[in-house]
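Asker: This is the structure, below, for whatever I ask next.
The values are calculated or read from the model by the stated rules, or taken from the named source; none is laboratory data. Remember, predicted model here, so these are calculated numbers, not experimental data. Note that we place each Cβ from the backbone using ideal geometry, even for glycine, and neighbour counts take in every protein chain shown. Calculation scope for accessible area: heavy atoms of the full protein, side chains included, ligands and nucleic acids excluded. Shrake-Rupley method; radii C 1.70, N 1.55, O 1.52, S 1.80 Å.
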Amino acid sequence: GRRGSGSGGGQDTCYELWTREYIFGLAQYLLDRVAEMDRMHHNRYGDGQIPMETIILDVGAGDGRLSYFLRCAMEEIHVGIPPEETNSCIAENDVSLTTSSTSVQSSTLPTIIATDDGSWNPMDRYNIMPRLPSSNSAKIHVERLSAIESLRKYGPTLENYRTRRLIVLCSWMP
């Protein structure tokens with residue numbers, strides 16, 4: 001998993017850093033995929049079908065930073081504000097990105113859920129909240145679930161497979 005906070009004498013232990021371009025690129029890619037799947041769903045089932053709920057499940061999410069930044073980027077893309085003109089939670093003033101409008105056809109954004117079993121750093125087992133400004137910390141929640149438990153909880157079932165789709169993000173797994 002991606003771990004942003006460690007227990008080594010009060011220092012952060014960070015093994016992965018994301019650029020603004022990467023976060024917005026991944027967010028746009030995911031939104032475009034959801035829009036494409038929505039079109040396929042509409043073509044198959046027509047107007048009478050209940051819209052699909054999309055869950056983006058970040059397993060092994062560590063402290064949840066990637067999920068948090070993706071959520072911020074998707075919100076900015078969805079409302080159509082150029083990233084350089086916002087008070088973004090992904091703060092950089094010198095980056096100018098253009099985003100396509102193909103991903104905002106869906107009226108609702110995907111739900112992003114971060115999960116981690118806490119096994120990567122035993123000293124941090126019960127405290128995997130990142131060290132972000134206090135105003136942002138409440139927006140980050142990492143459920144204490146293994147990858148398998150996460151899929152069981154959020155994956156499609158016989159009851160909801162026509163109304164729920166799942167996209168799983170996973171990196172740095174052992």
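Asker: Restricting to segment 73-86, and then to whatever is among the hydrophobic types (A, V, I, L, M, F, W, C) and at pLDDT below 95, can you tell me which residue is surrounded by the most Cβ atoms within 10 Å (Cβ to Cβ)?
Answerer: Ile77
Asker: Can you confirm whether Asp124 is of a type outside the set (A, V, I, L, M, F, W, C), open to solvent by less than 90 Å² (accessible area, probe 1.4 Å) and modelled with pLDDT of 85 or more?
Answerer: Numbers: of a type outside the set (A, V, I, L, M, F, W, C): yes; open to solvent by less than 90 Å² (accessible area, probe 1.4 Å): yes; modelled with pLDDT of 85 or more: no.
Criteria not met by Asp124.
Asker: Which residue, of Thr54, Thr108, is among the hydroxyl-bearing types (Ser, Thr, Tyr) and either at pLDDT 85 or above or assigned to a helix (DSSP H, G or I) (or both)? Break it down into steps so the answer makes sense when it comes.
Answerer: Details: Thr108 fails: either at pLDDT 85 or above or assigned to a helix (DSSP H, G or I) (or both).
Step by step, each of Thr54, Thr108 is checked, and only Thr54 is among the hydroxyl-bearing types (Ser, Thr, Tyr) and either at pLDDT 85 or above or assigned to a helix (DSSP H, G or I) (or both).
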